[in-house]
1. How many residues are part of a helix (DSSP H, G or I) and of a type in the set (D, E, K, R) when one looks only at the range 35-47?
2. Of all residues in the range 1-16 being among the charged types (D, E, K, R) and buried (at least 16 other Cβ atoms within 10 Å of the Cβ), which is farthest from the chain's Cα centre (by Cα)?
3. Could you please find all residues in the range 96-113 being assigned to a helix (DSSP H, G or I) and in contact with a helix residue (DSSP H, G or I) (Cβ under 9 Å, 6 or more places away or on another chain)?
4. Would you mention how many residues in the range 117-148 are assigned to a helix (DSSP H, G or I), in contact (Cβ under 8 Å) with a residue 12 or more places away in the chain and over 15 Å from the mean Cα position of the chain (by Cα)?
5. Cβ-Cβ below 7 Å, separation at least six or inter-chain, first residue in the range 41-68 and on the phi < 0 side of the Ramachandran plot, second aromatic (Phe, Trp, Tyr) and assigned to a helix (DSSP H, G or I): which pairs?
6. Looking at the range 17-36 only, could you name the residues that are of a type outside the set (S, T, N, Q) and over 13 Å from the mean Cα position of the chain (by Cα)?
7. Which members of the range 41-56 meet the condition of being crowded, with 18+ Cβ neighbours inside 10 Å and within 13 Å of the chain's Cα centre (by Cα)?
Amino acid sequence: MKRISVVGVGNLLMRDDGVGVHVIRYLEEQGVPEGVELIDGGTHSYDLLDIFAEADIIIAVDAIQAGAEPGTLYRAPLDEMGFETNDRAASLHDLNFVEAVQMLRLMGHDPQFIVFGIQPKEMYLDLELSPEVAAKVPRVAELIQEEIQRIINQ
C-alpha cells in the first residue's frame with residue numbers, strides 16, 4: 001500500500017490562513033483509513049522534510065490566494081499550481097513549502113504532491129475562520145477522503 005500523508009499548512013493565528021490546519025482537525029474527528037497520516041504542518045515546512053521523505057503521496061491543504069470568491073476550492077498536482085520561489089507566492093508560507101519540496105527532491109525523494117486549496121476571505125489576527133471558508137471545511141475533507149480512497153483502490 002502507498003504511504004499517504006495529509007498535511008494541513010497554515011497559520012491558525014491569521015484567520016483563513018489557518019484553514020489547512022482546521023481541515024486536519026476535522027479529518028482527525030472524522031477518522032481516516034489506517035495507515036494514512038494526518039499532519040498539522042503549521043508554517044514550518046522545513047520541519048516536515050523527514051515526514052515528506054517517508055511518504056509516497058502527500059496531500060497538502062492550504063489557503064490559496066487566486067483572486068476568486070472566498071471559499072472557492074482548488075485541486076491540482078503541486079507542479080501544476082504554478083508556485084515559484086519568488087515574490088509571487090500566494091501566501092506567506094508558500095515560499096517555504098515550495099522550497100521544502102525542492103529540497104526534498106534534491107535529497108532524492110520525489111513523492112507525488114496533490115494540493116487542495118481554499119480561497120481565503122480574510123487574513124488578519126483572529127483564531128476563527130470566516131463563515132465562507134468555515135463552511136467549506138467539511139467539503140474539502142470529503143474531497144480528501146475521496147482522494148485517499150482513489151489512491152488506496154489503485
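The values are calculated or read from the model by the stated rules, or taken from the named source; none is laboratory data. Keep in mind that what you see is a predicted model, and the values were worked out from it rather than measured. A quick note on method: Cβ atoms are made from the backbone with ideal geometry, for glycine too, and the neighbour counts reach across all protein chains shown.
1. 1
2. Filtering the range 1-16 for residues that are among the charged types (D, E, K, R) and buried (at least 16 other Cβ atoms within 10 Å of the Cβ), the one farthest from the chain's Cα centre (by Cα) comes out as Arg15.
3. Residues satisfying the conditions are Asn96, Phe97, Val98, Glu99, Ala100, Val101, Met103, Leu104.
4. The number of residues fulfilling the criteria is 2.
5. Once the first residue is on the phi < 0 side of the Ramachandran plot and sits in the range 41-68, its partners that are aromatic (Phe, Trp, Tyr) and assigned to a helix (DSSP H, G or I) give Ser45/Phe97; Ile58/Phe52.
6. Result: Tyr26, Glu28, Glu29, Gly31, Val32, Pro33, Glu34, Gly35, Val36.
7. Across the range 41-56, the qualifying residues are Gly41, Gly42, Thr43, Ser45, Leu48, Phe52.
So that you can scan it fast, the table gives a plain yes or no per residue for (1) at pLDDT below 85; (2) outside any loop (DSSP other than H, G, I, E, B):
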{"site": "Gly8", "(1), (2)": "no, yes"}
{"site": "Ile24", "(1), (2)": "no, yes"}
{"site": "Pro33", "(1), (2)": "no, no"}
{"site": "Leu49", "(1), (2)": "yes, yes"}
{"site": "Ala60", "(1), (2)": "no, yes"}
{"site": "Ala66", "(1), (2)": "no, no"}
{"site": "Arg75", "(1), (2)": "no, yes"}
{"site": "Ser91", "(1), (2)": "yes, no"}
{"site": "Val115", "(1), (2)": "no, yes"}
